[in-house]
Amino acid sequence: MIEVDTGAAPVRAIFTTRRGGVSVGPYGSLNLGATVGDDAGAVRRNREAVARAVGCDHGRVAALTQVHGASVVTAGATGGGGTFTGSLDGLAEADALVTREPGVALCAMGADCPVVLMWHEEGAVVAAAHAGWRGIVAGVIGEAISAMGVPASGVSAAVGPHVGACCYPVDHALRGSMAEAFGDDVVRGDAVDLGLACRRALERAGVAGTRIAVESACTSCDAARFFSYRRDGAATGRQAGMICIGVGG
Ligand SMILES: [Zn+2]
């Protein structure tokens, strides 16, 4: 797992890798996705382990059925109400989560798409967004910052491991819409830089550039550490970003 440096904020945040779990085969080993064909019992055990790693009760982790949109769900005191390690389903369809509740962890997943974790400097509120190109263009990052309900000047963000421009060639139309939305330099040859696009979206929402960290690891290049849909196709796992306001913090 990759620990996120949240500075003085009473917030814990991690990005998971594929290491440290109990799943086997293409899901080996820390797959957190429940709809990718992996054994449900293994997914539950993996999810319990990452909840421990972020320091919260697995019964209060909130997750989503991610749909590449810009909708935000606010999680209350019960978080996901046990669904994260219980039923594994019945989740709201959205791509970003916000909470003001200490001890409620937010979980967003990806296999190449960046997960963006956001937190207020005093730990008043945290957010997590699944930010693939569709979500980024739809405005999911700005919607998440807005739903946090605090001045963006007090918000920091971390953009998790994602498919790099080295491995993300896209068609002409998408290159054009990304350049139009986020500047010409998000296009690199025939590819786009999703991490830079996330940074631009955060800055546009008012987050200071000095408060944004972008993981440089490419999920497609690094098969030992990351799942990648681009590299492996449908039979692969999901890694996650998780964030939680510390209890008593
Ligand atoms: Zn790559």
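The values are calculated or read from the model by the stated rules, or taken from the named source; none is laboratory data. Source: prediction; values computed, not measured. Here the Cβ positions follow ideal geometry from the backbone for every residue, glycine too, while neighbour counts run over all protein chains shown. What goes into the accessible areas is simple: the full protein's heavy atoms, side chains included, and nothing from ligands, DNA or RNA. Shrake-Rupley method; radii C 1.70, N 1.55, O 1.52, S 1.80 Å.
Quick notes
- Those residues of region 158-177 which are away from the ligand (no atom under 11 Å from the Cβ) and either small (Gly, Ala, Ser) or touching a residue at least 40 places away in the same chain (Cβ under 8 Å) (or both), in sequence order: Ala158, Val159, Gly160, Ala173, Leu174, Gly176, Ser177
- Check on Val73, open to solvent by less than 10 Å² (accessible area, probe 1.4 Å) and within 30 Å of Cys218 (Cβ to Cβ): no
- In region 32-45, the residues that are within 19 Å of Ile14 (Cα to Cα) reach residues that are surrounded by 14 or more Cβ atoms within 10 Å (Cβ to Cβ) and basic (Lys, Arg) with C-beta atoms within less than 9 angstrom, at least six apart or across chains, in these pairs: Leu32/Arg47; Leu32/Arg238; Gly33/Arg238.
- In region 226-243, the residues that are more than 13 Å from the chain's Cα centre (by Cα) and over 13 Å from Asp112 (Cβ atoms): Ala235
- Residue match in region 124-137 (condition: more than 13 Å from Thr16 (Cα to Cα), open to solvent by 10 Å² or more (accessible area, probe 1.4 Å) and among the β-branched types (Val, Ile, Thr)): yes
- Cβ-Cβ contacts under 8 Å between residues 6 or more apart (or on different chains), taken from a first residue in region 103-120 that is farther than 20 Å from Met148 by Cα to a second residue that is basic (Lys, Arg) and open to solvent by 10 Å² or more (accessible area, probe 1.4 Å), are listed as Gly110/Arg238; Ala111/Arg238; Asp112/Arg230.
- Within region 193-219, the residues that satisfy the criterion of being in contact with a Phe, Trp or Tyr (Cβ under 6 Å, 6 or more places away or on another chain) and open to solvent by less than 20 Å² (accessible area, probe 1.4 Å) are Ala197, Thr219.
- Cys198 within 16 Å of the ligand (Cβ to nearest atom) and not hydroxyl-bearing (Ser, Thr, Tyr): no
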